[in-house]
Structures are given as C-alpha cells and as structure tokens.
Amino acid sequence: MIREIRPAILILLLLTAITGLAYPLAMTAIAGVIFPKQAQGSLIEKDGKIIGSALIGQEFKDDKYFHGRPSATSAPDPADSTKTVSSPYNAASSGGSNLGPTSKALADRIKDDVEKLMTENPSAPVPVDLVTTSGSGLDPNISPEGALFQVPRIAKARNLPEARVRQLVTEHIQGRMAGLLGEPRVNVLALNLALDEASK
C-alpha cells in the first residue's frame, strides 16, 4: 500500500511546489520587470505621498470634485459586530449590494440619486453609471458622459469656465483597450488631481 501512496504524495508535493510557489514567484518577478507600476498596485503619488490607486475608487463628496459611481461596499458596525454599515470603496469588502430590479430599497435609492443629480444639471439626462453601483463596489472609472454631466456643478464650485473643465474631461478619456475591449472611461482620481492643478 505504501508503494502506491508514495508516488501520489511525491506528485502532490512536486505540483504544490511548482504551481503554489515557483509559478507565482516567477510571474510576480516577471510582472515586476515588465510592468513595475502595475505590479505595485498602480499607486498614484502627489507631493511624494501615495494618495490612492488607479485601480480602486475613492469617495469624493465635495461639489468641487468629480464624483465616482456609488459604492455598495460595507464594513462591520463598530457598535455591533453582527451588523454592517456602509463603507464606500472598502477594498477589504469588495462586492455589490445583491439588490435586484424588484428591490424597493434599490429603486428608492436610485430615484433619490436621480432627483439630486437633476438639480445639479437639469438640462441633461442622468448617465446610468452615476446612479448604479459596480459589481465590485470599487470601480475607479466613470463614463465620459458621467464626467461631462458633472461639468456645470464643478465649474460653478471652482469658478472656472465650463469649457476649461470640459477640456480636462476630454483630455482624460481613456479609449477601449487595443481599440476593442471595454468602454471609454475616465479615471476619477486622475481627473480630480488634474482639476486641482488647473485650479491653482
């Protein structure tokens, strides 16, 4: 019986070493050489300090900043560990709300969000990505339409010409990957950093 088990154990140990150690370490080393910024998390620095990642959204509430998609992520309630509280863009708790199209809570939240956005820019239809959460709750990007929709509010809050803010949005539109994959998008953190620079 040991003669039959020994090869199985040896193969298990060998495959564990190859697929569990050697392969991941080799891929990490190769990624660090070929894509050093991405391998380190696509971190964004300002004045020598890391302020975020191009891959994880952040919550911007101030009227003078572009706002990202709503986030459905949560965290344990500090007052009661059996409950959760809203914790937007919480990378430790990535996930959607799991609310479906028949959910009254979801319909009410979207209705309230649309009404609020309509007061900011009543002349344009509200882009869907400004009122719907992503599957991960961490989406760092919005559609170009979502960014352009916010231009009047930001221009007013910063006392900038709308044309200048619109130009910043246009400059930060990223196209489809290889011209085929995904949709055009705007990274909210990168756009807000450029907005701060333009406002100086």
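The values are calculated or read from the model by the stated rules, or taken from the named source; none is laboratory data. The model shown is predicted, which means the values in this text are computed figures rather than measured ones. Using ideal geometry, Cβ is built from the backbone for each residue, glycine included, and neighbour counts are taken over all protein chains shown. All accessible areas refer to the heavy atoms of the entire protein, side chains included, with ligands and DNA or RNA removed. Shrake-Rupley method; radii C 1.70, N 1.55, O 1.52, S 1.80 Å.
Rolling a 1.4 Å probe over the heavy atoms of the protein chains gives the stretch 105-176 an accessible area of 52 Å² per residue.
Under the criterion of Cα pairs below 8 Å and six or more residues apart, the relative contact order for the stretch 62-171 equals 32 percent. Among the trypsin sites (Lys or Arg not before Pro) in the stretch 45-91, those located in a DSSP loop and surrounded by at most 12 other Cβ atoms within 10 Å of their own Cβ are LYS61.
If you run the Gaussian network model on the chain, springs between alpha carbon atoms under 10 Å, then out of ALA107, ALA190, ALA91 the most flexible one is ALA107. The residues packed around TYR89, meaning those with a beta-carbon under 10 Å from its beta-carbon, carry a net charge of -1 if Lys and Arg are +1 and Asp and Glu are -1. Cross-link partners of LYS37 among aspartates and glutamates, defined as those whose alpha carbon lies under 15 angstrom from its own and excluding same-chain residues fewer than eight positions apart: GLU45.
Between the Cα long axis of helix 2-17 and the first principal axis of the chain there is an angle of about 30°, rounded to the nearest 10. Surface analysis of the stretch 50-90 yields an accessible area of 59 Å² per residue, using protein heavy atoms and a 1.4 Å probe. Between the helical axis of 104-120 and the longest alpha-carbon principal axis of the chain there is an angle of about 40 degrees. Considering only VAL114, VAL165, VAL188, the Gaussian network model of the chain with Cα springs below 10 Å gives its largest mean-square fluctuation to VAL114. Checking the cross-link pairs LYS64/LYS200; LYS156/LYS200; LYS49/LYS200; LYS116/LYS156; LYS64/LYS104; LYS46/LYS200 against a 21 Å limit on the alpha carbon distance flags LYS64/LYS104 as lying beyond it.
The calculated 222 nm mean residue ellipticity attributable to helices in the chain amounts to -12500 deg cm²/dmol, summing -39500 (n - 2.57) over DSSP H runs of n ≥ 4 and dividing by all residues. Using C-alpha pairs under 8 Å with a sequence gap of at least 6, the mean separation divided by the residue count of the chain gives a relative contact order of 19 percent. Summarise the accessible area of the chain (1.4 Å probe, protein heavy atoms) by the percent that is carbon and sulfur. Ligands and nucleic acids excluded, carbon and sulfur give 62 percent.
Over every Cα atom in the stretch 1-59, the radius of gyration and the widest Cα-Cα span, Dmax, amount to 20.0, 66 Å. Among the GluC sites (Glu not before Pro) within the stretch 151-200, not one is in coil by DSSP while having at most 12 neighbouring Cβ atoms inside 10 Å.
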